[in-house]
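J.: For reference, the structure I am asking about is given below.
The values are calculated or read from the model by the stated rules, or taken from the named source; none is laboratory data. This one's a predicted model, so the numbers in the text were calculated from it and none came from an experiment. Glycine gets a Cβ as well: all are built from the backbone with ideal geometry, and neighbour counts include every protein chain shown.
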Amino acid sequence: MEQLRNGKRLIFFPLPFQGHINPMLELANILHSKGFSITIIHTSFNSLNPSSHPHFTFHSIHEGFSKSGTLKDTLLVISSLNANCHEPFRGCLTRLLSDVSKEPVACLITDSVYDFTKSVAESLKLPRILLRAWSASSFAIYATFPLLREKGYLPKQDSRLEEEVTELSPFKVKDLPLINSDGPERYFKIIADLEDQTKASCGLILNTFEDLDEHALATIRQNYSIPVFSLGPFHKCYPNSSSTSSSLLAQDQSCISWLNRQAPKSVIYVSFGSVAAINEAQFLEIAWGLANSKQPFLWVVRPGLVPGSDWLEALPSGFHETLNGKGHIVKWASQKEVLSHQAIGVFWTHNGWNSTLESICEGIPMICMPCSADQMMNARYVSDVWKVGLQLEDGVERGNIEKTIRKLLVEKEGEEIKDRVVKLMQKANFCLKPGGSSYQSLDALIKHILSFN
Ligand code: UDP
């Protein structure tokens with residue numbers, strides 16, 4: 001039955017990347033199911049498809065990117081979005097606030113990466129809540145950056161990468177989320193601004209749950225004197241969320257019919273998310289590692305995964321024949337549906353936060369191959385804190401890949417890892433039930449929003 005509307009509207013503003021769009025639209029679905037009307041402001045870059053969410057109202061703003069422009073550096077895209085969206089966003093928000101034909105707007109829920117939303121919301125006297133799409137641990141660490149710089153861990157030096165950061169055990173220097181692409185100073189400034197504008201917000205929402213991230217959440221609550229809501233895993237809160245797709249790429253449904261023909265818990269699902277890139281040598285090691293493992297595998301090779309390559313042309317001729325039907329390769333999958341399929345035994349992932357959480361929620365152990373940003377920290381948590389996966393510590397090499405697959409699928413170590421991830425999955429289910437931590441946090445968030453005048 002449709003939940004009665006509560007007479008309040010929420011405005012959401014997602015960052016236009018798949019890993020940020022998914023949790024924000026899931027959160028919008030959760031709050032819609034609690035009676036709020038939802039308006040989404042989105043950029044024309046990676047624009048959303050309103051017909052996938054007919055219960056929301058959509059408004060597009062133009063960020064000024066040309067279609068032919070190269071947008072390879074994620075940090076550069078974020079800086080450009082912050083520079084270009086300010087005025088169109090202010091204009092759109094002003095119009096929405098003055099529209100008396102719609103319910104009054106209770107607050108703005110924006111991706112934490114959009115720094116200009118602070119001044120826009122303040123000038124329009126609109127409460128602003130942030131959604132942090134990355135992991136809690138990668139946010140908690142920002143407050144330690146001055147210490148990490150003082151101790152010489154940052155900027156990262158090649159000679160110290162394997163060193164443990166004693167103040168932040170079990171993290172190693174190589175796990176720290178520093179993007180060095182264009183000099184560290186630009187990144188440090190982004191982090192400092194992010195901290196300031198978080199402190200100035202009316203609240204922070206994280207897609208995690210207390211039992212998973214208790215320590216990181218406590219650190220965040222200590223460092224930021226704003227309300228912090230951990231009401232994840234979002235995609236499990238809202239019963240119909242998997243059917244309302246926010247996918248930017250077409251999902252290849254052949255995955256499911258192929259999985260239906262595989263034995264339970266036998267398949268390695270391989271996907272490195274929507275942004276990560278690997279080189280051709282790594283691509284070939286992965287291909288041969290999978291083939292040599294003799295296990296069935298479902299591999300998402302997103303166009304652009306290997307820069308400069310259209311899709312699979314780097315695979316040697318005859319590769320498919322060596323597989324004997326044991327491998328299925330697609331451009332994009334319906335990942336949540338895949339992970340919940342009984343045939344999946346292992347997820348080989350880049351440890352983007354959504355993928356990590358989606359794997360935990362289905363009780364699937366992980367092979368970790370982090371590529372950048374918060375992924376290294378997520379992977380360290382998976383392998384060394386929660387102990388629900390193994391990292392490819394010795395590099396992406398076919399023998400090492402085969403060995404790691406065998407450990408997880410055949411050996412005793414794999415059994416123990418599977419037991420632990422199933423226990424975490426049970427905790428994820430429990431926290432969403434009445435009285436559970438995420439259930440209570442959602443209640444607290446709703447009360448907080450309704451308290452705004
Ligand atoms: N995803 C998907 N199909 C794929 C690969 C990924 O639907 O073939 C989804 C996945 O379920 C997740 C998101 O894309 O929700 C990727 O987010 P994540 O944080 O894992 O990584 P990112 O893409 O941001 O690096």
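J.: Let me spell it out: the conditions are (1) at pLDDT 95 or above; (2) within 15 Å of the ligand (Cβ to nearest atom); (3) not hydroxyl-bearing (Ser, Thr, Tyr), and Leu290 meets all of them except one. Which number is the exception?
T.: With (1) at pLDDT 95 or above; (2) within 15 Å of the ligand (Cβ to nearest atom); (3) not hydroxyl-bearing (Ser, Thr, Tyr) applied to Leu290, the lone miss is (2).
J.: A further question follows. Out of the residues in region 341-396 that are β-branched (Val, Ile, Thr) and under 19 Å from Pro23 (Cα atoms), state the one that is farthest from the ligand (Cβ to nearest atom).
T.: Ile360
J.: Here's something else I'd like to know. If you check every pair at least six apart or on different chains, which have Cβ atoms under 6 Å apart with a residue in region 286-297 that is assigned by TED's automatic domain parsing to the domain that holds Leu259 first and a residue that is in a helix (DSSP H, G or I) and among the polar types (S, T, N, Q) second?
T.: Final answer for the pair search is Ala291/Thr322.
J.: Here is a further query. In region 266-281, how many residues are outside any loop (DSSP other than H, G, I, E, B) and within 16 Å of the ligand (Cβ to nearest atom)?
T.: Number satisfying all stated conditions: 5.
J.: Right, Val300: under 26 Å from Ser246 (Cβ atoms), within 14 Å of the ligand (Cβ to nearest atom) and of a type outside the set (Gly, Ala, Ser) or not?
T.: yes
J.: To continue, here is another question. So, in region 311-327, how many residues would count as being loosely packed, with under 14 Cβ neighbours inside 10 Å and outside any loop (DSSP other than H, G, I, E, B)?
T.: So the answer is 2.
J.: Go through region 372-420 and count every residue that is part of a helix (DSSP H, G or I) and either within 21 Å of Ser138 (Cα to Cα) or charged (D, E, K, R) (or both).
T.: Adding up the residues that qualify gives 23.
J.: Additional query: For residues that are closer than 24 Å to Asp213 by Cα and either in the same structural domain as Gly19 (by TED's automatic domain parsing) or charged (D, E, K, R) (or both), tally how many sit in region 371-412.
T.: 5
J.: Check whether at least one residue in region 332-340 is away from the ligand (no atom under 16 Å from the Cβ), in contact with a Cys (Cβ under 7 Å, 6 or more places away or on another chain) and assigned to a helix (DSSP H, G or I), and report yes or no.
T.: No, that holds for no residue.
J.: Taking Ser201 as meeting all but one of (1) in the same structural domain as Asp310 (by TED's automatic domain parsing); (2) under 27 Å from Thr74 (Cα atoms), write down the number of the exception.
T.: Every condition holds for Ser201 apart from (1).
J.: Going through Pro303, Pro264 one at a time, which residue ends up being surrounded by fewer than 19 Cβ atoms within 10 Å (Cβ to Cβ), under 26 Å from Ile367 (Cβ atoms) and touching an Asp or Glu at 6+ places or on another chain (Cβ under 8 Å)?
T.: Values: Pro264 fails: touching an Asp or Glu at 6+ places or on another chain (Cβ under 8 Å).
Answer to the selection: Pro303.
J.: Specify which of the listed residues (Ser159, Ser123, Ser119, Ser137) is within 16 Å of the ligand (Cβ to nearest atom), outside the structural domain of Asn354 (by TED's automatic domain parsing) and either farther than 24 Å from Gly352 by Cβ or under 21 Å from the mean Cα position of the chain (by Cα) (or both).
T.: None of the other options fit; the residue is Ser137.
J.: Next up: Tell me the residue from Phe297, Phe272 that is surrounded by 21 or more Cβ atoms within 10 Å (Cβ to Cβ), in contact with a strand residue (DSSP E or B) (Cβ under 6 Å, 6 or more places away or on another chain) and among the aromatic types (Phe, Trp, Tyr), please.
T.: Phe297
J.: Scan (1) of a type outside the set (D, E, K, R); (2) more than 12 Å from the ligand (Cβ to nearest atom); (3) not in a loop (DSSP other than H, G, I, E, B) for the single condition Gln295 breaks and write down its number.
T.: Condition not satisfied by Gln295: (3).
J.: Still on this structure: Looking at region 303-331, which of the residues that are more than 19 Å from Ala263 (Cα to Cα) and among the polar types (S, T, N, Q) is nearest to the ligand (Cβ to nearest atom)?
T.: Let us first name the residues in region 303-331 that are more than 19 Å from Ala263 (Cα to Cα), namely 303-322, 330-331.
Keeping just the survivors that are among the polar types (S, T, N, Q) gives 309, 317, 322.
Numbers: Ser309: 17, Ser317: 26, Thr322: 24 Å.
The extreme case among them is Ser309.
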